[in-house]
Amino acid sequence: MADRVGKPVIFRQGVKRSAAALYRRLGAARKPGELVILNYHSIQPEEAFSTSPEMFARQLEYLIERFDLPSLDGWFERHELGPPAARPAALVSFDDGFENFFEFAFPILQRLKVPAVLFVTTGFVIGGCGVEARLGMYRDLPPLSWAQLKEVRAGGIAIGSHTHWHRHLGQSTPAQVAEELRCSKMILEDQLGASINYFAYPWGQRQHIGRETAALLQANGYWAACSALWGKNTASTNRYLLRRVRIDAWDTLEDFQAKVEGGWDYLWYYQMLR
Ligand SMILES: [Zn+2]
């Protein structure tokens with residue numbers, strides 16, 4: 001693995017893993033009613049930056065054993081109307097909209113009956129918008145087609161917006177942010193014939209969000225938005241700043257378990273300092 005993804009990545013993983021072990025010893029754990037949203041990008045065999053389908057299936061099996069697995073709609077509804085939950089909840093989310101979602105992740109999600117939300121960058125699907133250059137380590141992976149997106153939606157996967165151009169919203173004007181939110185929502189609703197209510201910020205760190213984005217999301221009819229800020233969500237979490245836990249290709253099953261159970265939540269403090 002070190003040969004494929006680079007020694008610095010593996011070194012950093014080791015440091016974070018040790019800190020997580022310490023943090024868990026301090027009592028970090030998920031509680032009933034809390035929601036952890038997992039942030040995936042790519043599921044594909046033998047691709048350096050993608051989680052393998054076998055590992056993805058093992059990760060979902062762990063979730064099934066330990067967590068309630070509601071949709072985002074379901075989690076919000078339960079908080080407002082339902083009885084108290086007996087277990088913590090987990091939700092699988094994917095960013096960008098890579099074709100390998102259709103080929104590898106979707107069949108496993110269906111087989112194991114695990115809900116998921118897929119945040120799609122509409123300009124990436126359409127092509128010719130220069131989005132690829134902003135996808136970092138995933139820039140060579142092809143996008144889903146509209147036919148595939150229709151099929152996964154029909155198969156129960158929730159679709160959200162991940163902008164049209166994958167812009168850095170923290171460095172965009174309010175007019176550009178509004179354009180990203182409006183344009184991607186309109187295209188998705190037009191293509192899929194469904195209301196698009198959820199959003200994920202490109203990159204999703206604090207500096208990528210933009211001061212006026214939450215108000216613009218609300219004004220454009222979005223109900224909630226996911227960041228990449230680390231941690232769990234509770235009934236009192238800001239709906240336009242939902243936290244997530246990033247799952248990487250180089251995570252072992254133990255890393256995955258530690259991440260979903262709260263061990264890596266200390267990274268939030270690090271994110272706030274940057
Ligand atoms: Zn993205």
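The values are calculated or read from the model by the stated rules, or taken from the named source; none is laboratory data. On a predicted model such as this, the values are computed, not experimentally measured, just so you know. Here the Cβ positions follow ideal geometry from the backbone for every residue, glycine too, while neighbour counts run over all protein chains shown.
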What's the number of the condition Thr213 fails, among (1) surrounded by fewer than 17 Cβ atoms within 10 Å (Cβ to Cβ); (2) among the hydroxyl-bearing types (Ser, Thr, Tyr); (3) more than 22 Å from Glu47 (Cβ to Cβ)?
(1)
Can you confirm whether region 233-255 contains a residue that is closer than 29 Å to Ala21 by Cβ, among the acidic types (Asp, Glu) and not in a helix (DSSP H, G or I)?
yes
For Ser195, state whether it is at pLDDT 95 or above and within 16 Å of the ligand (Cβ to nearest atom).
no
Among the residues in region 224-239, are any within 18 Å of His162 (Cβ to Cβ), over 17 Å from the mean Cα position of the chain (by Cα) and touching a residue at least 24 places away in the same chain (Cβ under 8 Å)?
no
Scan region 204-215 and give yes if some residue there is assigned to a loop (DSSP other than H, G, I, E, B), more than 16 Å from the ligand (Cβ to nearest atom) and of a type in the set (A, V, I, L, M, F, W, C), otherwise no.
no
Residue check for Gln218: part of a helix (DSSP H, G or I) and modelled with pLDDT under 95
no
Being in contact (Cβ under 8 Å) with a residue 12 or more places away in the chain, surrounded by fewer than 17 Cβ atoms within 10 Å (Cβ to Cβ) and more than 27 Å from Pro115 (Cβ to Cβ) is the filter here, so list the residues in region 130-167 that pass it.
Gly130
